[in-house]
Every structure is written in structure tokens, then in C-alpha cells.
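Notes for the one structure printed next.
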Amino acid sequence: MASDSQFSAPELAPLLRSALGRSGRWLFLTGAGISAESGIPTFRGPEGYWRVGSRNYHPQELATRQAFEAAPAIVWDWYLHRYRTCQQAEPNAAHRALVEAAQLLGQRFLLITQNVDGLHRRAGSPAERLYEIHGNIAYARCSAGCAGLTPLAELPALQAAGGGPGELREAPCCGQCGAWQRPHVLWFDEFYDEPLFRLESSQRAASDAALLVVIGTTGGTNLPLQIAEIAVRRGTPLIVINPEPNPFSDQVDRSGAGLFLRGRAGEWVPALLRELRAVLAQP
């Protein structure tokens, strides 16, 4: 087992102390890497494929509005499979450390996640300070936009199907207008907006952040990159936690304001929390 001292950096405490002295919120931006440590396959990995008959479907094919309109039952089967995988997973040490960070920082804490697995909520992160910018796989909504979110567990069609892959004959229907219900996720051929995915709220938060901590994401989607670019232009320091260099660690290198902590979220996020506790305890 690795010792706590193995996951420490001398630059971390001064960086946290400086951020506490500035106005603005502390933004924590998480991606698939934090959930991979709970056993949830990354979206674009080989586990993301879905076989129907003799054909393998790629996530980029299935996770689209176009695919849903052409074959809604197939898309739902795949999402039900992914939903069950997410439900079987448990929050890990990084998720739990962020919950404690929220308690320590209070209203200065904001968590923005690309993950749709709901693990941050299940760990106990406060819903009012959690932006799920790609949605949440545990919910459905009317594809025609007439109603709000419905937990999958409350959809009769999915209950009857048992949530099993290949068992759903047709997409569930909205009880108000009769249109299909769809997974509450952002698809590849859709755009971020404010009502569903907190686009403007995330951009505003980045524009006045005291610190941005980026955890377990490769920067493969647009809004997370925007958040980092807005913060860097303002002079906000970045702390980047990832096993490998990525566009966010490149921004740290270019700006000279921040720190790249190379390694797993489950190692470095608790280490960051320990440093934050120590800094807050100092007079």
C-alpha cells in the first residue's frame, strides 16, 4: 500500500492557501477517469460497443438523436445495460473526498461533472452545487420536451422489461403527449444548453473561479475545454489530476499557473483534501 507521503507535492499547500485568499468559487471538473476506478468502463473503450445480431455498434453511432429516432429500442437496450453497470458500481475514495471538500468549502464549492453515472450524487455531493453537464443515465425525459425528468425506476415500460438488454420491444412513451421517452443524456449530435446541461452557469462559474481542479478527463468534449480556457484567460490556476498528460496539463505548462499531479484520482484527490484540511487548520 502506498504511503500518504507518496501522494504529496510541496507546491500544493501554497497553491491552496493562495486560492483561499482570493474571491470566487473552487471548481472541481471531473471526467470518466474518476468513475473508471469504480469499475465503470470508459465510454469510448472496447466495453462501450453494443452488439445487435451480427453487428457491433459504436458509442458514436448509438449515442445520437439520429440513432434514437431510427431504432429507439436498440438505443434504450444499450442505455439500460450501461445503467445497470452504473447502479452496480460504488463511489470510490475520490468521490468521497469531494464530498468532504464540499463540506469544508461550503458555498465556495462547485462540482461540474461530465459523468452520467450519478456516483457523485450517491456519494453525497450536494445537488445544488453539482452540475451534470452531460446528464444523468438514471433519468429519462420526453423526447418532445413536454415534461421534466423521470427516474428510470418509475417508467412502467422499463419495469416490465426488467431493465435487461434485448428485452425492450419499444421505447417508453411520455404519459402527457405520447412521444417517446429518451435517456437524459447529451448525445453526440446535440448541443449544450442551459436548462438541461448548465451551459451558461458553467461558463459564468469559470469566469470568476478562484481555483479549477480538473480530475480524470482527457478533454474530449467542448464545454470542459471552454471552462478551462475561460479560467486560464482570467489567470485562475489549474490543478490537473490525470494518469497521463492531456490538454489541461498542457494549459498548466503554458500558463505557469498551477500544478499537474500525475496519477489516479483515488490517490491524488484524497491527498488534495488532506492538504486542504491542513491549510484550513492553520491560523
Under 11 Å from the Cβ of LEU111, count the other residues' Cβ atoms, weight Lys and Arg +1, Asp and Glu -1, and hand me the total.
+1
Ordered by number, the chymotrypsin sites (Phe, Trp or Tyr not before Pro) in the range 186-283 that occupy a DSSP loop and have at most 11 other Cβ atoms within 10 Å are PHE191
What is the antiparallel percent of DSSP beta bridges lying wholly in the range 108-260, to the nearest 5?
40
Among DSSP beta bridges whose residues both lie in the chain, state the antiparallel percentage, nearest 5.
30
Rounded, prolate or oblate: which one fits the range 237-276, using the alpha carbon gyration tensor with axes a ≥ b ≥ c (rounded when a/c is under 1.5, else prolate when a/b beats b/c, else oblate)?
oblate
State which helices in the chain qualify, where a helix is a whole DSSP H run, it must extend 27 Å or more along its own axis by its Cα atoms, and its mean Kyte-Doolittle hydropathy must be at least 0.5.
none
Length-normalised contact order for the range 180-264 - Cα pairs under 8 Å, 6+ apart - percent
24
Highest-first arrangement of 14-21, 144-151, 211-218, where packing means the average Cβ count within 10 Å
211-218, 14-21, 144-151
Per DSSP, the loop-located GluC sites (Glu not before Pro) within the range 193-283 having at most 16 other beta carbons within 10 Å are none
Could you tell me the distance between the Cα centroids of the range 208-283 and the range 73-110, to the nearest Å?
19
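Each value in this text was obtained by applying a stated rule to the coordinates, not by laboratory testing. What you are looking at is a predicted structure, and each value in this text was computed from that prediction instead of being measured. Neighbour counts run over all protein chains shown; Cβ positions are idealised from the backbone, glycine included.
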